[in-house]
Structure formats: structure tokens, C-alpha cells
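Heads up: the structure comes next, in C-alpha cells.
Any read-out appearing in this document is the output of simple, stated calculations on the displayed coordinates, not a laboratory observation. Just so it is clear, the model here is predicted, and its values are computed rather than measured. Counting neighbours? That spans all protein chains shown, and the Cβs are built from the backbone with ideal geometry, glycine included.
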Amino acid sequence: MASEKPESILLASHLWLWVVGLEVVHQILNVIMGILAPEQLIQQLKEQPTGQQPPLADSTINTLVYAVIVAVGLFGVAIMCVVLWMALVLSRGGTLAAFARRTLLFFGVYLGVRLLFVFVPNTSTVPVAWIIVDGCVQIAVGVLAVLAVYLITRKESLHWTGENHG
């Protein structure tokens, strides 16, 4: 393990902080857009076969839809808390730094792949301005995450985490 923190780890840590912050903004925008246009979710819930059960009341469906929208947003923020924790563990070094690097590698690849789906047409009834702002945030998150992945796979980063003994 290196004694002095390499620049690649320092830069990657800063990038991960930006990724987490912007991803939280994305989650907030998702909740707002879901609340602005819940029609698709409501329609899907109404079309679900209920079998022997009586159909759900409209008030129950609305409550479920809004609860799911908020729960998904909170789950996304909770995942970003894990990413933030892993970025801090990587930055500090130590015995868990290698695990943190691999975990961040996974999240970085996921966010990079998710970047491609920003360009898939959206059929939502949300105003276009919201979709554009959210798309810009997602693009920034994806690009920053890919840059962070590049930095944490460099030789000096591997040496910092104790994964490269050469």
C-alpha cells in the first residue's frame, strides 16, 4: 500500500462526490416528475389482473402510486449514501480500500451504461423542460462516473488499495 495518496485517488474521490451530489439531484427530479405525471403508473396499476380480489379504490391506487414514487426516490438516495461511503473508504485507504474500489467500479460501469438510456425516447406527460434538465444531470453523472472508473483502475490506484504488488 502506498504511503502517500496518489493524485488519481484524490481526483476520483472528488469525482465521486460530484456523482453522488448530482445523482441525488436526479432522484429528486425523478420524484418531482413522478408526482407531476403519475398517470402511467396509475393506469398500469388499474390494468393489473386482480384475480379473486375486488378492484382497488381510486384513492388506494393514488396513495400506492405516490408512496412508490417517493420510496423509489428514497431507495436511490440510500444507494448513493453507500456510494459516498465507499468513496470515503477508498480515499482514506486501509483494509477495505480494495473492496471500495471494486464496488465503485461496479457503480461507475452501471452509471456509464445508464448514460446510454438517456437517449431513449420518453413517453411521459411530464413537461419537456423537466426531462431535459434531468437528462443533462444524468449525462453529467454518467460522464463523471466513467472518468472516476478510469482513475480508480490506474496502476497507482491499484497500488494505493494494495491490489497491485508489482
Fill in the blank from the handout: Plugging the Cβ-Cβ distance of F119 and Y150 into 1/(1 + (r/R0)^6) at R0 = 22 Å yields, to the nearest 0.05, a FRET efficiency of 0.50
Exercise for the section: Mind pulling the per residue volume of the convex hull built on the Cα atoms of the stretch 89-149? Å³ is fine. Expected result: 84 Å³
Exercise for the section: Taking the chain as the reference, fit the longest principal axis to its C-alpha atoms, fit the long axis of helix 58-92 to the helix C-alpha atoms, and give the angle between the two in degrees, 0 to 90, nearest 10. Expected result: 0 degrees
Completion exercise
For L74 and F106, extending 7 Å from Cα along the Cα-Cβ vector and measuring point to point gives, in nm, a value of 2.4 nm
Handout entry: Structure-derived Rg and Dmax of the Cα atoms in Å - corresponding label in [x] 15.5, 47; [y] 20.0, 67; [z] 15.3, 52
Key = [y]
Exercise for the section: Starting from the Cα-Cα distance between E7 and A37, subtract it from 0.36 nm times their residue separation and give me the gain in nm to one decimal. Expected result: 6.4 nm
